[in-house]
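These notes concern the structure reproduced below.
The values are calculated or read from the model by the stated rules, or taken from the named source; none is laboratory data. The structure presented is a predicted model; accordingly, all values stated were derived computationally and were not measured. Neighbour counts are summed over all protein chains in view; Cβ atoms, including those assigned to glycine, are modelled from backbone coordinates with ideal geometry. Just the protein is used for accessible areas: all its heavy atoms, side chains included, with ligands, DNA and RNA removed. Shrake-Rupley method; radii C 1.70, N 1.55, O 1.52, S 1.80 Å.
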Amino acid sequence: MSFNTNWNVEAYHTFYESEEHWELKRDFILAHKDRIPEERLICLAQVFVNVELLGCRYPEQTMKQVAVLAKDVANGYRERKKNKLQRTFVKASDAASAKVQGSRGPKKTN
């Protein structure tokens, strides 16, 4: 099958997309631009980002296809993500208790 590969990837960067989302989607598109027709690839790239970043789910066949295509791209993203700051969640009751006690952490007992 022959299809046009001479199209501008940057044209698919939407104004509401964060840099993290765009970078991941762009990497996916560039990894497969020469193997998948543009219209299909853009759809698969969006599905990939939705699954990876937002936890969305799709029909099983779509999930399998995206998993195969995303393997190298996702691994690279996950490795970079490990080095970023991780959020720590604290229960509201613990935060309130710490504030009342005037400390930033749990009260130490001797």
Considering residues of the range 1-23 that are assigned to a loop (DSSP other than H, G, I, E, B) and among the small types (G, A, S) only, the residue nearest to K71 (Cα to Cα): S18
Pair list, Cβ < 7 Å and 6+ apart or interchain, from the range 31-45 residues that are under 21 Å from N75 (Cα atoms) to residues that are not hydrophobic (A, V, I, L, M, F, W, C) and not in a helix (DSSP H, G or I): K33/T5; D34/T5; L41/K33
Within the range 49-59, tally of residues that are buried (at least 17 other Cβ atoms within 10 Å of the Cβ) and either touching a residue at least 24 places away in the same chain (Cβ under 8 Å) or acidic (D, E) (or both): 2
Output for the range 24-43, where each listed residue is assigned to a helix (DSSP H, G or I) and either modelled with pLDDT under 90 or loosely packed, with under 15 Cβ neighbours inside 10 Å (or both): L30, E39, R40, C43
Hits in the range 74-110 - residues which are β-branched (V, I, T) and either within 30 Å of K64 (Cα to Cα) or at pLDDT 70 or above (or both): V90, V100
Set Q65, Q46: member being out of contact with any Lys or Arg (no Cβ under 9 Å at 6 or more places or on another chain), part of a helix (DSSP H, G or I) and open to solvent by 40 Å² or more (accessible area, probe 1.4 Å): Q65
